[in-house]
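Where a number appears in this text, it was derived from the coordinates with a stated rule and is not lab data. Fair warning: this is a prediction, and the values are worked out from it, not measured in the lab. Positions of Cβ are backbone-derived with ideal geometry, glycine not excepted, and every protein chain shown enters the neighbour counts.
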Amino acid sequence: MNSIIVFAILAALLATGTPIAVAMIGTVMLALLFFTDVPMLVIIQQMFSSADSFTLMAIPFFVLSGNIMTAGGISQRLIRVATALFGGMSGGLAIAATTACAFFAAISGSSPATVAAIGAIMIPALQRAKYDDTYSVGVITSAGSLGIMIPPSIPMVVYALATGEPIGKLFMAGVVPGLMTAAVFAIMCYLAAKRGGFGQTDGETKADFKELVAALKEGFWGLMMPLIVLGGIYSGVFTPTEAAAVAVVYSAIVGSFIYKDIKLKDYVGILTSSASVSAMIMFIIISASAFSWYLTSQGIPQEVAEWIISVAPQPWMFLVAVNVLLLIVGCFMEPNSAILVLAPLFYPIVMKMNINPIHFGIVMIYNLELGLLTPPLGLNLFVASGMTKYPLSRVVKAVIPFIIAMFIMLLVYTYIPVISTWLPDLLSAAPTP
């Protein structure tokens with residue numbers, strides 16, 4: 001009964017619009033006050049203890065590196081590369097937009113940032129090429145969701161913190177599902193262009209080999225960043241946290257001295273924005289750690305695990321139940337918050353049922369990726385709506401075909417775990433130099 005009351009309090013606070021971090025702290029305070037004799041001071045102790053984490057430092061570094069690369073004009077260069085590769089195909093400009101989102105996602109690690117950076121350039125370009133206005137918005141809004149699946153990804157770092165799983169394995173596990181989703185979007189763009197006659201003007205022309213070489217030369221330094229980060233982690237040169245710090249230094253050098261798009265004065269705004277975003281994420285994390293501590297101290301995860309196993313005793317049944325729950329949760333909570341609250345509850349069940357925790361992490365993150373495209377809290381929807389001035393209902397209508405495709409891909413990733421586990425297992429089995 002106490003477990004039900006605790007989650008009811010949290011749900012009630014969230015329903016009133018209380019920020020997730022404040023709602024979790026408030027829930028713990030009320031629970032300690034009414035259900036235990038533990039002093040409130042323990043909440044502060046738990047929050048400070050959770051903040052004392054070397055791994056946690058990766059988050060502000062990845063946020064900062066993404067903001068530096070965004071300010072450094074990387075989006076325009078990535079778009080040029082993508083257009084040079086696919087501009088001559090039917091639906092090539094839309095495919096180029098999807099590819100640019102995938103490239104940028106591997107740099108920023110943020111879906112809303114991907115929508116904003118790529119959409120500001122590509123949505124007008126698509127519309128000039130006679131793509132349907134609504135379709136143009138749908139492509140960018142949906143492809144922008146790749147930001148949390150293609151590594152490096154902040155939600156993957158958060159899942160690793162919540163469960164203790166290796167960040168490097170999670171990063172590599174997201175590569176194949178992320179690229180497969182991007183490929184499905186590209187196929188949809190090709191078929192839509194064939195059916196709708198999109199892109200039949202000089203706004204979509206074939207780039208020659210000379211242009212492709214020039215585009216790759218200009219975009220080379222931006223494309224190298226995710227390779228350096230992931231390569232460094234898996235080669236053992238540096239830890240994920242050190243990789244995040246390397247990404248900051250690398251992005252600053254590229255933006256300031258190679259591309260020369262960032263001036264010294266620009267770093268004031270970059271650092272301020274990065275500090276604001278990092279502080280928000282960190283506050284959520286330390287608040288969730290206090291909430292998680294209370295749940296664990298009261299044995300609630302074990303109670304939830306026993307109940308779920310009694311209702312869904314088989315792994316496939318458990319995965320169905322989790323998918324349904326996460327699809328609902330994703331409509332009301334942003335991904336990092338949902339992971340911090342739910343991952344510690346599900347993790348013991350995952351281990352007991354012999355489900356690969358890396359595979360489960362990808363399933364969980366992909367579910368919440370769908371939440372970025374579903375109202376009422378779909379962040380990508382609000383970014384696209386604010387950028388284009390289209391009503392939210394029009395943006396929602398535009399992404400429906402892509403949501404259907406992602407739902408089908410979710411089922412594939414859920415029940416074919418090798419898609420997400422193949423690459424990290426392969427790299428783990430490789431001999432170290």
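Go through segment 263-305 and give me each residue that's touching a helix residue (DSSP H, G or I) at 6+ places or on another chain (Cβ under 9 Å) and among the charged types (D, E, K, R).
263, 266, 303
Out of 365, 339, 404, I need the residue that is within 16 Å of residue 328 (Cα to Cα), aliphatic (A, V, I, L, M) and surrounded by fewer than 19 Cβ atoms within 10 Å (Cβ to Cβ). Which one?
Exactly one residue qualifies, and that residue is 404.
From the list 138, 164, pick out the single residue that is without any contact (Cβ under 8 Å) to a residue 24 or more places away in the chain and within 19 Å of the chain's Cα centre (by Cα).
Checking each option against the conditions leaves just 164.
Is segment 335-347 home to any residue that is without any contact (Cβ under 8 Å) to a residue 24 or more places away in the chain and assigned to a helix (DSSP H, G or I)?
Yes.
If you go through segment 256-279, how many residues are outside any helix (DSSP H, G or I) and not hydroxyl-bearing (Ser, Thr, Tyr)?
Residues meeting the conditions: 6.
Please pick out the residue among 426, 377, 411 that is in contact with a Cys (Cβ under 8 Å, 6 or more places away or on another chain), aliphatic (A, V, I, L, M) and surrounded by fewer than 18 Cβ atoms within 10 Å (Cβ to Cβ).
Exactly one residue qualifies, and that residue is 377.
Would you list the helices (runs of 4 or more DSSP H) that sit entirely within segment 115-202 and hold 3 or more residues that are closer than 22 Å to residue 375 by Cβ?
133-143, 175-196
Just to be sure, is residue 355 within 16 Å of the chain's Cα centre (by Cα), of a type in the set (Val, Ile, Thr) and either within 27 Å of residue 285 (Cα to Cα) or part of a helix (DSSP H, G or I) (or both)?
Criteria not met by residue 355.
Suppose we filter 109, 119, 92 for residues that are buried (at least 24 other Cβ atoms within 10 Å of the Cβ) and either at positive phi or without any contact (Cβ under 8 Å) to a residue 24 or more places away in the chain (or both); which single one remains?
109
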